[in-house]
Structures are given as structure tokens and as C-alpha cells.
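The values are calculated or read from the model by the stated rules, or taken from the named source; none is laboratory data. Note that the coordinates shown come from a computational prediction; the quantities given were computed from them, not determined experimentally. Quick reminder, even Gly has a Cβ in these numbers, built from the backbone with ideal geometry, and neighbours come from all protein chains shown.
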Amino acid sequence: MRLLDIFITLPLDSQLTLSQFCDSKTLAKIFNGTFQALPSINQQTRRQVTMRGHSFVEVITHSSAQRLCYQIEGHGPIKHHLGVISLTKMNTHLRLRYQIFGLSNTLLPNWLLKLILLYDFKAAMRRLRKLNHAS
């Protein structure tokens, strides 16, 4: 189930790259959480993430200049969590798309989880815009 599908438009001269979503310090600023690098397994980047009182291990399964995919290893607040971030250069701007797929892993209904994610990600995207000096 798609839990989140959000777009953000940035100017073409923005310094945004998807590598920012691999950097623990930058992620901490964007998502207001803690991100700690863990040893790689099978050449996949792993990190311990703590946000909103939940702690889980995130594994980057694909990384390129246009697309970054990650999933949660083991138990996390979202069952079958899969995140897909894409960056597309358009004629007049950059378009970032952030999608999260999965199901609620708690008694929280999926519709409420969607609302919470949307609220959190709107705040995170404001911080991302500020980091990249976009209006």
C-alpha cells in the first residue's frame, strides 16, 4: 500500500543530490532524528535510525544519481517498509519525489499512519528546501 507520495520542486541551481539522503548528518537535519552508520552487509549501506521514539535499521538497496531505494531490516513501525526517492531534472526545475510503501505495524490504522507521515514529511521537505536555499 502506498502510504506517502510527495513531490517537491526545487530550482535548477539547487545543490540537491540524492547523495544527501545517504549522509547521516544531513538526514538528521532534514528528518529531525538520529542516523548512525552501521557496518555494510553484502555491500549495502545500513544505518540505525531513531525517529519519533522508534528505532530501526534502514538498508539502502539501490543508489544512483536519479533514484534511491531503501527498506527496513527486521521490525519497524511500518511493516514491509519500502522507500523510493527519485530526482528528475526538468526544463525549469528539479523534481524530487518521495514515496513510502508498506502497512501499519501497530494498532494504528493505515489511514492515520498516512496522515502522520504526510505531516512529518511536509515539515522535512521544508527543512530540505531551507538546506538547499530554495524558496
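General remarks:
- Under the condition of being among the hydrophobic types (A, V, I, L, M, F, W, C) and either more than 21 Å from A65 (Cα to Cα) or exposed (fewer than 14 other Cβ atoms within 10 Å of the Cβ) (or both), the residues counted in segment 1-27 number 5.
- Residue within segment 76-96 that is farther than 18 Å from F21 by Cα, free of Cβ contacts under 8 Å to residues at least 12 places away in the same chain and either of a type in the set (S, T, N, Q) or crowded, with 17+ Cβ neighbours inside 10 Å (or both) present: yes
- Top-ranked residue of segment 45-92 - restricted to ones that are of a type in the set (V, I, T) and closer than 16 Å to S104 by Cβ, ranked as modelled with the lowest pLDDT: I78
- Some residue of segment 9-21 being among the acidic types (D, E) and within 15 Å of the chain's Cα centre (by Cα): no
- Every condition in (1) under 20 Å from R2 (Cβ atoms); (2) in contact (Cβ under 8 Å) with a residue 12 or more places away in the chain holds for H62 except the one numbered (2).
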